[in-house]
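Comments concern the structure below.
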Amino acid sequence: SIVFLNGEYLPQEQAKISPMDRGFLFGDGIYEVVPTYQGEAVGFIPHIERMQSGLASIGIQLDYTVEDWQKIIQTLIAKNESGNRGIYLHVSRGTDTKRAHAYPTGIEPTVFAFSFEIPPAPAPDKEGVKTFNVTSSEDLRWKRCNIKSTSLLGNVMHYQQSQDLGMQETILFNQQQELTEASSCNVFVVKNNVIATPALDNQLLPGVTRKLLLAILREHSSFKVEERVITMEEVRDADELWLTSSSKEVAPIITLDGTPVGNGSVGDVWLQAQALFSQYKYQY
Ligand code: PLP
């Protein structure tokens, strides 16, 4: 496939980055994944805004505009197979001559992007949808989970906890037994037709799917929608639990730690939420 590296488009096997790159040595960088379906991106502007704010928060100065990123995404789509493509965008602080913790001056960020095939977006179909069995764990990551850092070891280890148990995700709670998010998704809780998700803070990623879903539900449904503290007690007592992420959109969880969620089948509120998401996702 054809990838983008530091202003050039080239075959993936010719794309080379120095082992002295701080992305490699320190995980010192920011990334994004933007889903595109038949060439049309979901949440392009919020994805780029989140990346720009992440870069600013770790002091990486990169002069790429929204138009520059749009051009990169369009070019990767044009130069690779068409269909449904995820676009991975990655900016590291750059390549130094030595390994030293302090932010170096006078180096250029490394900018890397590639596209990869993704499955079609999930349809609002109770029988056809991919369902999730999840486990739970205390959130053992760092205290800056709002930054979409390329240092993903904490997330990778939490994700693996679920794999080792034959499950598909791990939902996380803090020391106060309050829900944060999952290792690669945000989490929504439904009880008595009220839809809730943890309020944004340093404990979770401000997911673009989360943001779009909240906006769509508020504008196009009559459901009550809340952003607030959610205890694990509430999570275990929920009628429905959902994961949200760019690749999954809104995905129903049917068991938590081996116990059925609600009545153990895909929920009616999920059906309406995914239907609305499918209908309006390109408008935000
Ligand atoms: N939380 C974490 C830790 C993630 O890695 C992701 C990314 O997929 C999400 C939440 C969901 O974010 P988004 O909806 O922007 O894909």
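We did not get these values from a lab; they are worked out from the coordinates using the rules stated. Keep in mind it's a predicted model, so treat the numbers as computed, not measured. Note that we place each Cβ from the backbone using ideal geometry, even for glycine, and neighbour counts take in every protein chain shown.
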Item to complete: Between Asp68 and Ala275, take the C-beta separation as r, use R0 = 35 Å, and let me know the FRET efficiency to the nearest 0.05.
Response: 0.50
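Determine the calculated [θ] at 222 nm for the chain from helices alone, applying -39500 (n - 2.57) to every DSSP H run no shorter than 4 residues and normalising by the residue count; nearest 500 deg cm²/dmol.
Values: 7 runs with 76 residues, N = 284.
After summing the helix terms and dividing by the residues of the chain, the value is -8000 deg cm²/dmol.
First select every other residue whose beta carbon is under 14 angstrom from the beta carbon of Met157; then total the charges, Lys and Arg +1, Asp and Glu -1. Mind dumping the intermediate values first?
On the way: positive: Arg141; negative: Glu138, Asp139, Asp164, Glu169.
Residues near Met157 contribute -3 overall.
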Worksheet item: Any idea how far the Cα center of region 79-121 sits from the one of region 223-284, in Å?
Response: 31
Worksheet item: If you project the alpha carbons of region 132-283 onto their three principal axes, what span does each projection cover, largest first, in Å?
Response: 37, 32, 27
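Any chance you could count the Lys pairs in region 132-283 whose alpha carbons are under 19 Å apart, treating pairs 8 or more apart or on different chains as valid?
Working: Lys148/Lys211; Lys148/Lys248; Lys191/Lys224; Lys211/Lys224; Lys211/Lys248; Lys211/Lys281; Lys248/Lys281.
Qualifying lysine pairs in region 132-283: 7.
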Worksheet item: Using a cut-off of 17 Å between alpha-carbon atoms, which aspartates and glutamates can reach Lys79, once sequence neighbours fewer than 8 places away in the same chain are excluded?
Response: Glu8, Glu13, Glu40, Asp68, Glu117
Item to complete: Could you go through region 74-85 in sequence order and give the Karplus-derived ³J(HN,Hα) for each residue, using 6.51 cos²θ - 1.76 cosθ + 1.60 with θ = phi - 60°, rounded to whole Hz, and x for Gly and Pro?
Response: 5, 5, 4, 5, 5, 8, 10, 4, 7, x, 9, 10
Worksheet item: Between Glu219 and Thr131, how many nm apart are label points set 7 Å from Cα along the C-beta direction?
Response: 3.2
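How do Val42, Val91 rank when sorted from fewest to most other Cβ atoms within 10 Å of their own Cβ? Write down the numbers at each step before the final one.
Working: Val42 20, Val91 24.
If I rank by nearby Cβ atoms, fewest first, I get Val42, Val91.
Taking the DSSP beta bridges in the chain as the whole, what percent of them are antiparallel, to the nearest 5? Don't jump to the answer; show the numbers that get you there.
Working: 45 of 58 bridges.
Close to 80 percent.
Using a 10 Å cut-off around each Cβ, can you sort Phe277, Phe188 from fewest to most neighbouring Cβ atoms? Provide the component values of the computation, followed by the final result.
Working: Phe277 22, Phe188 28.
Least to most surrounded, the residues fall as Phe277, Phe188.
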Discussion item. For the pair Val156/Ala78, report the inter-label distance in nm, with labels modelled 7 Å from Cα in the Cβ direction.
Written reply: 3.5
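Within a Cβ distance under 15 Å of Phe26, other residues only, what is the Lys/Arg minus Asp/Glu net charge? If you can, show how the numbers build up before the last one.
On the way: positive: Arg22, Arg93, Lys98, Arg99, Arg144; negative: Asp21, Asp28, Asp96.
Net charge in that neighbourhood comes out at +2.
As an exercise, use a Förster radius of 35 Å and the Cβ-Cβ distance of Asn192 and Leu165 to find the FRET efficiency, rounded to the nearest 0.05.
Details: r = 30 Å, r/R0 = 0.86.
For R0 = 35 Å, the calculated efficiency reads 0.70.
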Fill in: Tail weight of P(r) past 35 Å, computed on alpha-carbon pairs of the chain, percent
19
Worksheet item: Under the definition of Cα pairs under 8 Å and six or more residues apart, what whole-number percent is the relative contact order of the chain?
Response: 19
Worksheet item: Roughly speaking, what is the stretch gain from Tyr37 to Tyr282, that is 0.36 nm per residue apart minus the C-alpha to C-alpha distance, in nm to one decimal?
Response: 87.2 nm
